[in-house]
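One structure below.
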Amino acid sequence: MSSDATNSTLEMDQGVTMGQSLDHPGQSFTVELMGEKSRFSLRLRESNVAAFAKATGLALPTKINTVYRDDDALIMCLAPDEWLIIAAPEVGATLQEKCKRHTASPFSLVDVSHRNVAFHIGGEGAAQLINVGCPLDLDLATFPVGKCTRTIFERAEIVLFRETETIFHIEIWRSFAPYFLSVLSNGGQAQ
Amino acid sequence: MMMIECPICNEKRPELEFRYAGEAHIARPENPSALSDDEWAKYLFIRNNPRGTHFERWVHAHGCAKFFNAVRDTVSDKFVMTYKCGEQRPSPETIAERSS
Ligand SMILES: [Zn+2]
C-alpha cells in the first residue's frame, strides 16, 4: 500500500473529532471514529454466570475472547470473569436496570462509556494496517470473524474485535486516541 | 518476538502482553504474627535464583489480565510450559519431556 500524506484527514492538532475518516481512494483501508456508545465493564465470578444470565436476560458469552451480538448490545468476554458491554447510548440505562435484577450474588457493573473511543478499521488492507502496531496474527484462520481480545497496539492497550472479514472494531482509552491515530497514520503512509 | 502460551486464553501471545510477577509457589504463612522477624523477612524477600529451571508467576497484563505459572529455563529463556495458578508444580519428568 502507499498513500498520499497530503490527503490524510487525520489532523492531530484537531484532536479526535467525530465523523472524520481517513479514506485513501484506490487504497484498501478506511479508519473511522465511531459515534457515542454506552459501555459497561462487568465483573462476575465464573460460578455465578449462569444465574446472572438467567436473571438479567443478558446472554453472556462464557468462552474467553468471544462475543455475543444482538440488536441491543455487543458483549465481549475478555476474561473468565470480565465482560465489556457496548450498546447505543439510549440502551445504557435499560442495561443497568436489567443487571439490577440479579440479586443472588455480588457483581460489579461500572459505566465506562466515556473512558474509551472506538474506531472502525475497514477494507482489504485493514489487518495489515492494524499490524503496524499490533503483533497478533490476524489471518482469518487464527483471528476469525467474531473473535475479540484485549491486546496491545504499540504502547497502548486496545480491545480488538473482528466484526466481519474486513472490518475491525477497536476500543481504545480516549486519551490514547491521538497517539493511536498518529501511529496508524504513519503506518498507513509507509505501506 | 517470544511467544508465551497463556493457559487461560489457551493461545500463544506475544511477550509484550505479559509481565513477570516473581517466583511461583510461595505460600503466605498461615499465621504471620507467630513468625519471627527473620522468618517473615525470608518469606518476603528471599527467593531462589536458579541457573536453569525456574518456577515463576506471570500475568497476562494486556490480555485476560490473569496470573498464571510458568516453567522457564533461565539460561535459554525458553518457556518450557505454563499452567494455571493452584495447580501442582510440574514434576521433573514432565519438565524433561516438555523440554526435549
Ligand atoms: Zn490470557
Of all stretches in chain B that avoid trypsin sites (Lys or Arg not before Pro) placed in a DSSP loop and having at most 15 other Cβ atoms within 10 Å, the longest is B:1-46
Output for segment A:102-186: GluC sites (Glu not before Pro) sitting in coil per DSSP, at most 14 other Cβ within 10 Å, listed by number, reads A:Glu124, A:Glu165
For segment A:111-138 and segment B:23-80, compute the distance between their C-alpha centroids and round to whole Å.
35 Å
For segment A:38-111: rounded, prolate or oblate by the Cα gyration tensor [a/c cutoff 1.5]
oblate
Cα-based Rg then Dmax for the protein assembly as shown, in Å, read 22.2, 73
Local charge sum around B:Arg98 (other residues, Cβ-Cβ under 12 Å, Lys/Arg +1, Asp/Glu -1)?
-2
Of all trypsin sites (Lys or Arg not before Pro) in segment A:136-167, the ones in DSSP coil with at most 16 other Cβ atoms within 10 Å are A:Arg155
When all C-alpha to C-alpha distances in segment B:58-100 are sorted into bins of 5 Å, what percent of pairs does each bin hold, rounded to whole numbers?
5, 21, 27, 24, 14, 8, 1
So which aspartates and glutamates pass the test for A:Lys100, namely a Cα distance under 20 Å, with those fewer than 8 places away in the same chain ruled out?
A:Glu46, A:Asp72, A:Asp81, A:Glu82, A:Glu90, A:Asp111
Grab the other residues whose beta carbon is less than 12 angstrom from that of B:Gly63, score K and R as +1, D and E as -1, and report the net.
-1
Normalised per residue, the volume of the convex hull around the Cα set of chain B (Å³)
120 Å³
Check which residues have an amide H placed less than 5 Å from B:Ile4's amide H, if you skip close sequence neighbours.
B:Arg13, B:Glu15
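Each value in this text was obtained by applying a stated rule to the coordinates, not by laboratory testing. Since this is a predicted model, take the numbers as computed values, not measurements. No Cβ is skipped: glycine too gets one built from the backbone with ideal geometry, and neighbour counts run over all protein chains shown.
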